[in-house]
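The values are calculated or read from the model by the stated rules, or taken from the named source; none is laboratory data. No experiment lies behind these values; they were computed from the predicted model shown. Virtual Cβ from ideal backbone geometry, glycine too; neighbours counted across all protein chains shown. The accessibility values were calculated without ligands, DNA or RNA, using every heavy atom of the protein model including side chains. Shrake-Rupley method; radii C 1.70, N 1.55, O 1.52, S 1.80 Å.
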Amino acid sequence: MPPIPKRRTATSTAAVDGFVIALAAVSVFPLFWMISTAFKPFDEIYQFPPALFPSQVTLGQFERLFGVSSGFTRMIGNSILVSTTTTLITMVLAAMAGYGLAKGRFRGRRLLLRSTLLAYVFPPILLVVPLFGILADLGYANTLPGLIAVYLIITFPFAVWLLTSYFATLPTELTEAARIDGASNMRAFWSIALPLTRPGLAAVAIFTFINTWNEFLFAFVIVGGGQNRTASVGLSAILRGAEGAEYGVLMAGSLIAMIPIIILFVFAQKHIVAGLTGGAVKG
Amino acid sequence: MNQQPNPFHAMHRATSRRSFLGLGLAATAGLATASCSSDGNDTTDGGVTGDVVFWHPYGQETRQAELQVAFDIFEEEHPGARVQAEYVPFGDLPLRWPAAQQGGTLPDLMINIPENILPMHIAGVIDTDALGSLVEELGGEPFFAPGFLDKNGRYQGDTFAIPHYAHNRLMLYRSDRLAAAGLEVPETLADVEECAAAMNNPPDFFGWTMPLSQNDIGGGYLLWMITRSNGGSLVDPEGNQFWASDEVRAAADYLGRIASQYGPTSAATTAIGDTFNRFHDGTASMVVDTAANIAVANSTEGLDPELVASLNGTHIPAGTQPGHMVGSVAMTIPVDANVAAAHELAKVLYRPEVHLDFLLSIPMFHFPATTNIDTDAFFGEPLIAQYKDTVVAQTLAGIDEGSVAGFEDGPNPFIGPILDAKISEVMIQDIAFGGMGVDAALEKAAAAADEIVARIQSQIS
Amino acid sequence: MRVSTTVTASATQGGRVPAREPDPPGDRTVLRRAGRFVDRHFAVLLVAPGLIWMMVLLVYPVALNLYYSVTNKSFQYPNTSVVGFDNYAAFLSDPEFWRAAANSLIWTAASIVGQLAIGFVAALAVEGLARGRAVVRLLLIVPWMFSSIVLAAVWRLMLDELSGVTNAALMAIGIIDQPIAFFGDGAYALGAVIVMNIWFGAPFMFLAFLAGMQTVSQDLYEAAVTDGAGYWRQVWHITLPALRPVVGTLVILRTIWVMNNLDFVYLTTGGGPRDATMTLPLYAFRVGWAQFEVGRMAAVSVGMMIGLLALALILFRLMPIEGEEDRN
């Protein structure tokens, strides 16, 4: 009998195992290919048929990546700064707004939630130049704070949606009980609702971090070509280089840039599922 | 046309915000300078202070190192000034400058290609007076290769771009495969077709790999070059387009035929830059590219030395003439720049020894478009000496005779939009891979070109 | 039934919380009043900062582009004048636009359906695993870690006609004897970018489905088993309905994201070969930005925005939105 679709009673069969293994192989292969290419000497990257593994492991691509004037180390640092800060700000603002939208009862709440999501219908390329103009007027052109301020367009709507649905699953009795005990709304939010929302917040953190870490267009226009470049801007310059994409260097750079994301996923991926489920896990 | 004085310069709405701020800063700086002078500190800097934002397209380590030398000299001679260098590759500029114009963050000095700078000039964001006076300070017309400025850097009398270095497009070939096929170095269009056929062995390697990606303007460049070889033009500076001419038709037919018979299908996603990889990985027997292609092969570690030794090049195949396509990598000064500092930095970059070191930073990548360098030292460089009679000679011939794409009658405001609309790439692909007849493909392209020309003329008038 | 009403009811009573001694005069009154104000309008005050920030970021650029769309605004030619709906007429009468619109629909629909299908099957399979779920889950979300630049670069490398590992593998197995230019051949290009997008997007759907499956009560399955329902009947009648709330919003969001996505196509095929992968954002970019014709680009984008809004409104009707629904 096939497995009952519920994990606690799962009984896998050879067919399911095989299918999952195949799926995982397709899923992981490009990452493997990236790693393999990053360590290959130039000739092997383009040879046909290609070798699965480098005949000899070379670090030449990494040396070029971190060449004295490449500034790649600094770009990684910038990316860490921007992604971390954006993530924190997004978490705070989205937690507030999510709670307000889920538990408040004012007119137009539903409309607000929906229109937040509709922020994504505006093509970023149309937004970025006028935004750059505003930032420049305020003195934030080519700066990381300017970029962080703008990243909220990308991160906030999704985070609000996720947290609103999360807060909505919290039993209202919890906060209500606090109110009856004379606690202010602030305390009900801060001391009772928020701690229960940790998985949701963790999921928001992951989504936000990865989206800002990988973002290219806003970073490209807003921080310019100077020392505030982020890693994705640096990688795109390698991909679109005038002397052709240096795939070896690019793969080396991609690998380095992906390490923080991999670490984040390894430690936090279980929260994503919990975060998306909200408090609604049953039985 | 009633374009004198140039009406494009009338509008400075976006920059006025910065002018206002700039005025304040200038006043402050002026006070500071004045107080310094009153201390008896007699600097002859002429106000060379503050940050000099410098956009350059030089990604490679070796080239950046030579730039750094120039920055160090500049900063040592002008202790109050500091260079803020930003890497802005050719492809990034069209996205970059409109934003910078809106934000008032244009650089003080920049290097890019005239094709990209002309739209900036038309938009009124190039300070042609500052550039004109820089030319004078450098020594006037004779400082540059004869005729080069007029052909590639002046529009309606205004200098908008002055060459930092130059190069020329060549027909590069694998001499080993050519020898194996028992063929001579190709001179004419027919020769090249014969060579492409003889050196075509798919899927291992192809006769002539063309960059026809719609992300790039490689197809437009090729079409213009072969049209020039036939003695024709795509569009003139008045906006007359010639897609219906015999010269363009012959070029389209030629390129479409070769791409389909002796080129890979992946040409459709091959960008100009990919020509490097395609030539260096052995899958292309011929490509159209600059001497830089061979220069990079010689400076890349890990390439097969025999392959590298077999790379050579000659001029673009000739019909009535070789369709030389010059590349000018040029300096310019945007409006509201720190002009004094920009002038000084530019002059340091052009200093004979600084400039020579830069030109040789990747040997045979850059060719001089200025007359002040030590030619013995330049041509004595081993790689350049090795290719003296072939690649080097043909590059110099092109710099002398040719022009930037579409600038055969001087800078042309129509060519950029026509190339950027990717009409040519789609047309050549239609003929090569889409089974479309040459006439039908040309008709479609001509209609698109007409629309662009009409739109620009409505904007100009 | 809306549970949240009760909370709001209590929120509006915030002012009547136990009466204390009369307010002393001076600053403390102000503070206390402020405190009471905050408490009374707590929800609105919480929502305000983020939303205001969003408004600040969006209103000016969107308004500016609405204006641009009825002008001949160009970055290159500064003599801007209002041209009415000429820009709209221009793209609506351009066959290229309609071709791009058709491509966009195929690209979006196929990508989303593919992502949903793979994501769902993967979630079912992983739920069925007896062991190693955590590891498999991690492996299956690897594609999500890729940025568009890295994604395009790796796939270009893998699908290359002349040196790609995909061609090598297919030739080794004997499925093909000549390499295929997946991104460069008109017959394959759109399919190739869609497959790439499905690979990239399926993990997100997979996680959502997985999350949704956790919300289904075990009792339902047990009852179904007692009733003699087979595996697929359980999936159809119990699992799928339970997933709708989670998936509804994701489908809407994904539709907007995929429809608006410029990078994937731009970085792999550039819209080629012969416009075979030309989608609307790329079309807007090409007729507009690449020509510095901001007015034209704005018009195409406004057109797209209207289309997307309409689509989103329809989807909002069809799909329940999580967080707006009573979940008990």
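Of all residues in the stretch C:114-132, those satisfying the criterion of being free of Cβ contacts under 8 Å to residues at least 60 places away in the same chain and either within 7 Å of chain A (Cβ to nearest Cβ) or surrounded by 22 or more Cβ atoms within 10 Å (Cβ to Cβ) (or both) are C:125, C:128, C:129, C:130.
Among residues of the stretch A:197-209 that are closer than 16 Å to residue A:262 by Cα, those with a beta-carbon under 6 Å from a residue that is part of a helix (DSSP H, G or I) and among the polar types (S, T, N, Q) at least six positions away or on a different chain give the pairs A:205/A:87; A:208/A:87; A:208/A:90; A:208/A:155; A:209/A:83; A:209/A:87.
All of A:266, A:249, A:233 fail the test of being more than 27 Å from residue A:41 (Cα to Cα) and part of a helix (DSSP H, G or I), apart from A:266.
Checking the condition touching a residue at least 12 places away in the same chain (Cβ under 8 Å) and either more than 21 Å from the chain's Cα centre (by Cα) or outside any helix (DSSP H, G or I) (or both), which residue from C:256, C:238, C:252 passes? Show your work before the answer.
Numbers: C:256 fails: either more than 21 Å from the chain's Cα centre (by Cα) or outside any helix (DSSP H, G or I) (or both); C:252 fails: either more than 21 Å from the chain's Cα centre (by Cα) or outside any helix (DSSP H, G or I) (or both).
Of the residues listed, the single one that is touching a residue at least 12 places away in the same chain (Cβ under 8 Å) and either more than 21 Å from the chain's Cα centre (by Cα) or outside any helix (DSSP H, G or I) (or both) is C:238.
Checked against (1) small (Gly, Ala, Ser); (2) open to solvent by 40 Å² or more (accessible area, probe 1.4 Å); (3) in the same structural domain as residue B:347 (by TED's automatic domain parsing), residue B:190 meets all criteria but (3).
Hey, can you tell me all the residues within the stretch B:309-324 that are closer than 16 Å to residue B:193 by Cβ and within 19 Å of the chain's Cα centre (by Cα)?
Let us first name the residues in the stretch B:309-324 that are closer than 16 Å to residue B:193 by Cβ, namely B:314-319, B:322-323.
Selection gives B:315, B:316, B:322, B:323.
Is it the case that residue A:136 is in the same structural domain as residue A:221 (by TED's automatic domain parsing), part of a helix (DSSP H, G or I) and in contact with a Ser or Thr (Cβ under 6 Å, 6 or more places away or on another chain)?
Working: in the same structural domain as residue A:221 (by TED's automatic domain parsing): yes; part of a helix (DSSP H, G or I): yes; in contact with a Ser or Thr (Cβ under 6 Å, 6 or more places away or on another chain): yes.
When the stated conditions are applied, residue A:136 passes them.
The set of residues in the stretch A:207-222 that are outside any loop (DSSP other than H, G, I, E, B) and either surrounded by fewer than 21 Cβ atoms within 10 Å (Cβ to Cβ) or not aliphatic (A, V, I, L, M) (or both) comprises A:207, A:208, A:209, A:210, A:211, A:212, A:213, A:214, A:217, A:218, A:220. Number of residues in the stretch A:48-85 that are of a type outside the set (Asp, Glu), free of Cβ contacts under 8 Å to residues at least 60 places away in the same chain and not in a loop (DSSP other than H, G, I, E, B): the value is 2. Only one of the numbered conditions (1) in contact (Cβ under 8 Å) with a residue 24 or more places away in the chain; (2) touching a Leu at 6+ places or on another chain (Cβ under 6 Å) is not met by residue B:307, and that is (2). Checked across the stretch B:369-380, the condition of being small (Gly, Ala, Ser), surrounded by 21 or more Cβ atoms within 10 Å (Cβ to Cβ) and in contact with a Pro (Cβ under 6 Å, 6 or more places away or on another chain) holds for at least one residue.
For the stretch C:95-113, what are the residues that are touching a residue at least 12 places away in the same chain (Cβ under 8 Å) and within 14 Å of chain B (Cβ to nearest Cβ)?
Here is the first cut: in the stretch C:95-113, the residues touching a residue at least 12 places away in the same chain (Cβ under 8 Å) are C:96-97, C:99-101, C:103-104, C:106-108, C:110-112.
The answer is C:96, C:97, C:99, C:100, C:103.
Applying the criterion of at least 3 residues that are open to solvent by 10 Å² or more (accessible area, probe 1.4 Å) and outside the structural domain of residue B:115 (by TED's automatic domain parsing) to the helices (runs of 4 or more DSSP H) found wholly in the stretch B:208-315 leaves B:246-262, B:274-280, B:291-299, B:305-309. When residues in the stretch A:241-272 are screened for being under 23 Å from residue A:50 (Cβ atoms) and of a type in the set (D, E, K, R), 2 of them pass.
Summed over the stretch B:401-418, the residues that are open to solvent by 10 Å² or more (accessible area, probe 1.4 Å), within 23 Å of residue B:451 (Cβ to Cβ) and part of a helix (DSSP H, G or I) give a count of 2.
Checked against the criteria, residue B:114 does not count as touching a residue at least 12 places away in the same chain (Cβ under 8 Å), under 20 Å from the mean Cα position of the chain (by Cα) and open to solvent by 10 Å² or more (accessible area, probe 1.4 Å). Could you tell me which residue of the stretch B:70-110 is most open to solvent (accessible area, probe 1.4 Å), considering only residues that are of a type in the set (A, V, I, L, M, F, W, C) and away from chain A (no Cβ under 12 Å)? That would be B:73.
Contact list please: Cβ distance under 8 Å, first residue in the stretch C:293-314 and more than 10 Å from chain A (Cβ to nearest Cβ), second residue part of a helix (DSSP H, G or I) and polar (S, T, N, Q), pairs at least six apart or on different chains. Short answer, once both residue conditions are applied: C:295/C:87; C:296/C:87; C:299/C:87.
So in the stretch A:6-45, with the set limited to residues that are among the hydroxyl-bearing types (Ser, Thr, Tyr) and modelled with pLDDT of 85 or more, which one is farthest from residue C:219 (Cα to Cα)? Full working, then the answer.
First, pick out the residues of the stretch A:6-45 that are among the hydroxyl-bearing types (Ser, Thr, Tyr): A:9, A:11-13, A:27, A:36-37.
Among the residues that remain, those that are also modelled with pLDDT of 85 or more are: A:27, A:36-37.
On the way: A:27: 33, A:36: 48, A:37: 50 Å.
Here the answer is A:37.
When the residues of the stretch A:200-251 are narrowed to those that are hydroxyl-bearing (Ser, Thr, Tyr) and more than 8 Å from every other protein chain (Cβ to nearest Cβ), which ends up nearest to residue C:141 (Cα to Cα)? Residue satisfying both the conditions and the ranking: A:208. Just one residue in the set C:51, C:46 is at the interface with another protein chain (Cβ under 10 Å from one of its Cβ atoms), touching a Gly at 6+ places or on another chain (Cβ under 7 Å), modelled with pLDDT of 85 or more and closer than 24 Å to residue A:188 by Cβ; that residue is C:46.
Scan the stretch B:84-141 for residues that are assigned to a helix (DSSP H, G or I), among the β-branched types (Val, Ile, Thr) and either out of contact with any His (no Cβ under 8 Å at 6 or more places or on another chain) or within 29 Å of residue C:61 (Cβ to Cβ) (or both) and jot them down. Lay out the reasoning, then the answer.
Keep residues of the stretch B:84-141 that are assigned to a helix (DSSP H, G or I), which gives B:90-103, B:114-122, B:128-138, B:141.
If we keep only those that are among the β-branched types (Val, Ile, Thr) too, we end up with B:117, B:122, B:128, B:135.
Those that are assigned to a helix (DSSP H, G or I), among the β-branched types (Val, Ile, Thr) and either out of contact with any His (no Cβ under 8 Å at 6 or more places or on another chain) or within 29 Å of residue C:61 (Cβ to Cβ) (or both): B:117, B:122, B:135.
Select from the stretch C:143-167 the residues that are of a type in the set (Val, Ile, Thr) and open to solvent by 10 Å² or more (accessible area, probe 1.4 Å) and write down the one among them that is farthest from the other protein chains (Cβ to nearest Cβ). It comes out as C:166. The requirement of being at positive phi and either surrounded by fewer than 22 Cβ atoms within 10 Å (Cβ to Cβ) or assigned to a strand (DSSP E or B) (or both) is fulfilled nowhere in the stretch B:384-400; no residue meets it.
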